[in-house]
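Novice: Encoded as C-alpha cells, here's the structure I'll be asking about.
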Amino acid sequence: MSLQYITDAKGIHTAVLIPIREWEKLKNRYSDLAELEKNNNTPPLKLSELAGKLSYETAEEMLNYVAESRKEWDDREQKQGL
C-alpha cells in the first residue's frame with residue numbers, strides 16, 4: 001500500500017492519504033468504515049443547534065477533557081522541542 005503523509009509546518013504528521021482502491025478494500029473488510037463515510041456526508045451542526053442537547057455537567061466534562069488533552073499535547077511538544 002502506498003501511503004502519503006501530510007505534515008504541518010513542524011513536520012508532524014497530521015493526516016494520511018491512501019489510494020482509493022485500498023480505501024474500497026478496507027471499506028469492504030470493515031463495515032464500520034463505510035458507515036463513517038456515510039456519516040461524513042451530513043452537514044455539521046451549528047453550535048446554536050446543539051443548545052439544550054447536552055447537560056451542563058456533560059458539557060463541562062467535555063471541556064475539561066479537551067483542556068487536559070491540549071495541555072498533554074503541548075507538554076509533549078515541549079519535551080520533543082517542537
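The values are calculated or read from the model by the stated rules, or taken from the named source; none is laboratory data. Small disclaimer: the values here were computed from a predicted structure and weren't measured. Every residue, glycine as well, gets a Cβ built from its backbone with ideal geometry; the counts of neighbours run over all protein chains shown.
Novice: Select from segment 54-82 the residues that are of a type in the set (A, V, I, L, M, F, W, C) and assigned to a helix (DSSP H, G or I) and list them in ascending order. Explain how you work it out, then say what you get.
Specialist: We begin by selecting, within segment 54-82, every residue of a type in the set (A, V, I, L, M, F, W, C); these are 54, 59, 62-63, 66-67, 73, 82.
Once the filter is applied, which keeps residues that are of a type in the set (A, V, I, L, M, F, W, C) and assigned to a helix (DSSP H, G or I), segment 54-82 yields ALA59, MET62, LEU63, VAL66, ALA67, TRP73.
Residues checked against (1) surrounded by 10 or more Cβ atoms within 10 Å (Cβ to Cβ); (2) at pLDDT below 75:
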| residue | (1), (2) |
| --- | --- |
| LEU36 | yes, no |
| ASN39 | no, yes |
| PRO44 | no, yes |
| GLU49 | no, no |
| GLU57 | no, no |
| ASN64 | yes, no |
| SER69 | yes, no |
| TRP73 | yes, no |
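Novice: When you scan segment 7-60, how many residues do you find that are free of Cβ contacts under 8 Å to residues at least 12 places away in the same chain and of a type in the set (Val, Ile, Thr)?
Specialist: Number of matching residues: 5.
Novice: For segment 40-53, which residues satisfy the criterion of being hydroxyl-bearing (Ser, Thr, Tyr) and not in a helix (DSSP H, G or I)?
Specialist: So in segment 40-53, the residues hydroxyl-bearing (Ser, Thr, Tyr) come out as 42, 48.
Result: THR42, single match.
Novice: Continuing with the same structure: Looking for something over 19 Å from the mean Cα position of the chain (by Cα), among the charged types (D, E, K, R) and assigned by TED's automatic domain parsing to the domain that holds SER2 - is there at least one such residue anywhere in segment 27-34?
Specialist: Within segment 27-34 (the criterion being over 19 Å from the mean Cα position of the chain (by Cα), among the charged types (D, E, K, R) and assigned by TED's automatic domain parsing to the domain that holds SER2), the answer is yes, since at least one residue qualifies.
Novice: Of (1) surrounded by 10 or more Cβ atoms within 10 Å (Cβ to Cβ); (2) without any contact (Cβ under 8 Å) to a residue 24 or more places away in the chain; (3) under 30 Å from GLY81 (Cβ atoms); (4) touching a Leu at 6+ places or on another chain (Cβ under 9 Å), GLN4 satisfies all except one. Which?
Specialist: Just one mismatch for GLN4, condition (1).
Novice: Now a separate question. Based on this model, can you work out whether GLY81 counts as under 24 Å from GLY11 (Cβ atoms) and at pLDDT below 80?
Specialist: Numbers: under 24 Å from GLY11 (Cβ atoms): yes; at pLDDT below 80: yes.
Here the answer is yes, as GLY81 does meet what is asked.
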